[in-house]
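Only one structure is covered here, and it is reproduced in the block below.
Values in this text are rule-based calculations from the coordinates and carry no lab data. Only a predicted model underlies this, so the values are computations on that prediction, with no experimental measurement involved. Heads up, the Cβs are rebuilt from the backbone with ideal geometry, glycines too, and the neighbour counts pull from every protein chain shown.
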Amino acid sequence: MNQVSGSGTKATGTTPGHGGQIVWGVLLIVAGILAVLMPAVAALGTAFVFGWVLAFGGAFELVHAIQARHYAGFGWRLASGLLTLVLGLAVLLVPLAGVASLALLVGAFLFAGGIVRSVLAFRLRPLPGWGWVLFDGLVSLLVAILIGIGWPQDSLPFIGLLTGFWLVTAGLWRIMLARFVRQAKLPP
């Protein structure tokens, strides 16, 4: 909160924005703990959410394709919408196959995210707390490799457990970085 006094601005209390990062970090940790405690439920829940996102995305793509039917590429837009819709429905109707497929997608996401967060960590290196970002990046890379090794037979527990662990580390680095940024009085 800032108070204006005479000729300038004096900072009092906490810096806006840092509290939101801490709340977000705590929510990620809670979600991660729940996923670790109930990996099958977390994996199936993740597959259902993913299936609904695909189904709605496909439906919206179809509507857009029909609205833009007079423009070049109508057939491709229509095919893309149909494929996305069918994929979403398939994940919803056969969620265990969706979990196995999702395991590969999560592994790819964690691998790419791990690389990006590791690079981000070295970009943040002078700041206190940069090591937490690197830790998250390395854990993400490790989890991606484990998913690839155990696929497809271990997809259900991997999706729940390893994603849960990743959520916990993502929450930790956000809390630690927000704390260090606030101590250094840097903008959010």
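Computed from label points 7 Å out along Cα-Cβ, the spacing between Val63 and Arg125 is 4.9 nm. Of the residues Gly137, Gln21, Gly57, the one whose Cα sits farthest towards the positive end of the charge dipole of region 16-181 is Gln21 (charges of +1 on Lys and Arg Cβ, -1 on Asp and Glu Cβ, taken about the Cα centre). Across the chain, the mean sequence separation of Cα contacts (distance under 8 Å, 6 or more residues apart), normalised by length, yields a relative contact order of 33 percent.
Note that region 58-72 has calculated 3J(HN,Hα) couplings of x, 4, 5, 5, 5, 4, 5, 4, 5, 5, 9, 5, 8, 9, 4 Hz, one per residue in order, obtained from phi through the Karplus relation 6.51 cos²θ - 1.76 cosθ + 1.60 (θ = phi - 60°); glycine and proline are x. Rounded to the nearest 10 degrees, what's the angle between the helix 155-183 long axis and the longest principal axis of the chain, both from Cα atoms, 0 to 90? Between the helix axis and the principal axis of the chain, the angle is about 20 degrees. Positive contributions from Lys and Arg (+1) and negative ones from Asp and Glu (-1), summed over other residues with Cβ under 15 Å from the Cβ of Leu138, come out at +1. Evaluating 6.51 cos²θ - 1.76 cosθ + 1.60 at θ = phi - 60° for every residue in region 124-131, the Karplus couplings come out as 8, 2, x, 6, x, x, 4, x Hz, glycine and proline recorded as x.
Within region 33-120, the chymotrypsin sites (Phe, Trp or Tyr not before Pro) that combine a DSSP coil assignment with at most 11 other C-beta atoms in a 10 angstrom radius are Tyr71. Modelled this way, with points 7 Å down the Cα-to-C-beta line, the labels at Leu105 and Ala79 are 2.1 nm from one another. Within the listed set Val168, Val91, Val53, the residue fluctuating most in the Gaussian network model of the chain (springs between alpha-carbon atoms under 10 angstrom) is Val53.
Counting only trypsin sites (Lys or Arg not before Pro) that DSSP places in a loop and that have at most 14 other Cβ atoms within 10 Å, the longest clean stretch of the chain runs over 70-184.
Looking at (i) 40, 18, 12; (ii) 30, 21, 14; (iii) 38, 25, 15, which value of semi-axes √(5λ) of the Cα gyration tensor in Å comes from a calculation on the structure shown? The calculated read-out lines up with (iii). Placing +1 on the Cβ of every Lys and Arg and -1 on the Cβ of every Asp and Glu, with no other charges, gives the chain a dipole of roughly 740 debye about its Cα centre. Full extension of the chain segment joining Val53 with Leu34 gains 4.6 nm, where the gain is 0.36 nm per residue of separation less the Cα-Cα distance.
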